[in-house]
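These notes are about the structure you will find just below.
The values are calculated or read from the model by the stated rules, or taken from the named source; none is laboratory data. Keep in mind that what you see is a predicted model, and the values were worked out from it rather than measured. Glycine gets a Cβ as well: all are built from the backbone with ideal geometry, and neighbour counts include every protein chain shown.
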Amino acid sequence: MHKKMPFGLVDHVQLAPSTMGQIAAIRIHMDPCDESSGALRVVPYGRLNSHQIREMSASGETICAANSGDVLIMSPLIIHASSPAISPRHRRVLHMEYSEVNLPAGLQWHESF
């Protein structure tokens, strides 16, 4: 039975890379977003452990500045994060993930259509 969770509280699991590689994350920016408002940062590498992530992040990341209405489509396997905003502007983003993959071991997507 599917149980609705309160806003902001959704159980998560770490899926296998083969499943994660079949998911598209889509971010629609409602407000302009730059480095001062906590724009998404990405490091162009595959799945790494936490030590490797710190090393790779220190070697160079890309700031994904966006204007209102911009859409960013990415794999959730890309190393990504947002810094805390240092400006008082909004940073509203609609973040959705899509996949046609059936989950293993009785797992279910939070929402499906």
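Assorted remarks:
- Qualifying residue in the range 77-84 (condition: in a loop (DSSP other than H, G, I, E, B), farther than 27 Å from LEU103 by Cα and not aliphatic (A, V, I, L, M)): yes
- When residues in the range 11-31 are screened for being more than 18 Å from HIS80 (Cβ to Cβ) and either in a loop (DSSP other than H, G, I, E, B) or at pLDDT 85 or above (or both), 5 of them pass.
- Residues of the range 32-42 satisfying the condition of being in a strand (DSSP E or B) and surrounded by fewer than 19 Cβ atoms within 10 Å (Cβ to Cβ): ARG41, VAL42
- Residue within the range 45-66 that is in a loop (DSSP other than H, G, I, E, B), over 15 Å from the mean Cα position of the chain (by Cα), exposed (fewer than 13 other Cβ atoms within 10 Å of the Cβ) and modelled with pLDDT of 80 or more present: no
- Test: LEU72 is surrounded by 10 or more Cβ atoms within 10 Å (Cβ to Cβ), at pLDDT 85 or above and not in a helix (DSSP H, G or I): yes
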